Each structure stands twice: as C-alpha cells, then as structure tokens.
1. Restricting segment 98-120 to residues that are surrounded by fewer than 12 Cβ atoms within 10 Å (Cβ to Cβ) and touching a Ser or Thr at 6+ places or on another chain (Cβ under 8 Å), which is nearest to residue 16 (Cα to Cα)?
2. Identify, from the list 154, 95, the residue that is acidic (Asp, Glu), open to solvent by less than 20 Å² (accessible area, probe 1.4 Å) and assigned to a helix (DSSP H, G or I).
3. State whether one or more residues within segment 75-87 are touching a strand residue (DSSP E or B) at 6+ places or on another chain (Cβ under 7 Å) and either modelled with pLDDT of 95 or more or part of a helix (DSSP H, G or I) (or both).
4. Among the candidates 139, 189, which residue alone is open to solvent by less than 40 Å² (accessible area, probe 1.4 Å), not in a strand (DSSP E or B) and not basic (Lys, Arg)?
5. Just need a number here: residues in segment 112-136 that are in a helix (DSSP H, G or I), of a type outside the set (D, E, K, R) and over 21 Å from residue 34 (Cα atoms).
6. Go through segment 64-83 residue by residue and tally those that are in contact with a helix residue (DSSP H, G or I) (Cβ under 9 Å, 6 or more places away or on another chain) and more than 14 Å from residue 40 (Cα to Cα).
7. Please go through segment 190-221 and give me each residue that is free of Cβ contacts under 8 Å to residues at least 24 places away in the same chain and more than 16 Å from residue 151 (Cβ to Cβ), ordered by number.
8. Does residue 58 meet the test of being within 23 Å of residue 104 (Cβ to Cβ), open to solvent by 70 Å² or more (accessible area, probe 1.4 Å) and not polar (S, T, N, Q)?
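The values are calculated or read from the model by the stated rules, or taken from the named source; none is laboratory data. From a predicted model like this one, the values you see are computed outputs, not experimental measurements. Every residue, glycine as well, gets a Cβ built from its backbone with ideal geometry; the counts of neighbours run over all protein chains shown. When the accessible area is computed, the model is the full protein with side chains, heavy atoms only, and any ligands, DNA or RNA have been set aside. Shrake-Rupley method; radii C 1.70, N 1.55, O 1.52, S 1.80 Å.
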Amino acid sequence: MATVRAATDGLLDRAAGLGALGDDAVRAPSALPGWTRGHVLTHLARNADALVNVLSGRPMYASAEARDADIEAGAARPLAEQLDDVRATAARLAETAAGIPADGWSARCELRGGVTDVMARIPFRRLVEVELHHVDLDAGYTLDQLPDDFVAREIDFLTARFAGNDEVPPLSLSTPAGETWTTGARESAGGPVRVTGAPYALMGWLAGRTTGTGVHALDGAVLPVLPPL
C-alpha cells in the first residue's frame, strides 16, 4: 500500500500539471479509445471505491451498467474536482486496507465477473490501475518510465492470466537480458511463437496498451493479436 500511495501521488502531481491548460485538458482524449482524461480519472476514483467494497466484503460494483454509468457521469467534471475525488477515494482505500488484520489478507474475495483472488493481491491490482492509467492519461508518463519491479511483476501477472487461453497461441517471451516467460494455449504442432522485446514493451503489448511497439516475433512468425483483457 505504501507503493500504491507513492504511485498515486505521482499521478496526482502530473495530472495537476494539466491545470495550466484549463479544464479543456481533462475533456481531451486519453490514450484509451473512446475515453477522455476525465474518464480515466473518474474510473480511478470509482475503482478505489470498488476496492473498498471488496475489502469490506461487499460486491465490487452494483452492476456492470452502474460502473459504466458512474464513469460517464463524472468524466466531464472540472480538473480540480476530479483530483479531489481521486485523492479522497485513495485515502479511503488506504484507511480500509490499514484496518485489515494480518490474518485477514489470506481470505479470498470476489472481484468483477465472478473473478476471485486472495485479499493480499488487492494492493497490487490497485497499483496496476494507478500505473497503467497514469500512462493512459497521455500527459507525459510513458511505458518506459514505469518502475522496473512493477513491469516485471505485471508481466508475471499477465502471462499467468493468458496461460491456457486457447485464443492466444503458445508464446515464449524473452528480453535482451535473458528474462523469459511462457503463456498462451498449451499445445501447438509448430511449437510456441517466440517473441522478444524490452520488458516495458512486452508488458505494454500484453496489457493492450500497444499493438506491439518494440516487440518482435522471431523466426519469421507474425506477432499475434492478443484478445482484450
């Protein structure tokens, strides 16, 4: 949670710098198709509220429709209101997390769509939201600026998520430094597609933030198109 707090502070500082451009900056497109920067900031605030619900044993969202409606309703607010919302909801999440007893973090909890996880993974899930959406703001924070330890852990998380997915061909990922991961479907007559790139580039591709910028399929293979997360 201390890492989450530091990442949130960094995002808020950068987003506050958009104020020099006026409130039109928050209504400008983000790097996410169909979303403005206001959508991104509102989503971060509502996600914090949702994770408070999870840590408190309540449903993450009332419904998928309610989640989407809340984001849309808050997207056009002035920048100062958006920042206050992100800051206040992040503080509520931190306070809730601080109240979880040490033995409570091993309990299982339910997220969106029936996905379950242990409570101890919630802080990292929040860190993913903060770091990737910081990039999505399109305000000067880029994939190659993400902390190395976060990138490595997110690749671990995403390759585990795609493992066994028949929509993804078997993949063997590697970096110039020799780090390796495998993911995708378990069987293939031709063997796995070998893919290489810098860690941040691999992560950006796996996370759907790029279509493969800086990532290369080897042996003449075509870089696969990954399904949305």
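1. Ranking the candidates gives 118 first.
2. From the options 154, 95, the qualifying one is 154.
3. yes
4. 139
5. Within segment 112-136, residues that are in a helix (DSSP H, G or I), of a type outside the set (D, E, K, R) and over 21 Å from residue 34 (Cα atoms) number 8.
6. Matching residues across segment 64-83 total 2.
7. 190, 191, 192, 211, 212, 216, 220
8. yes
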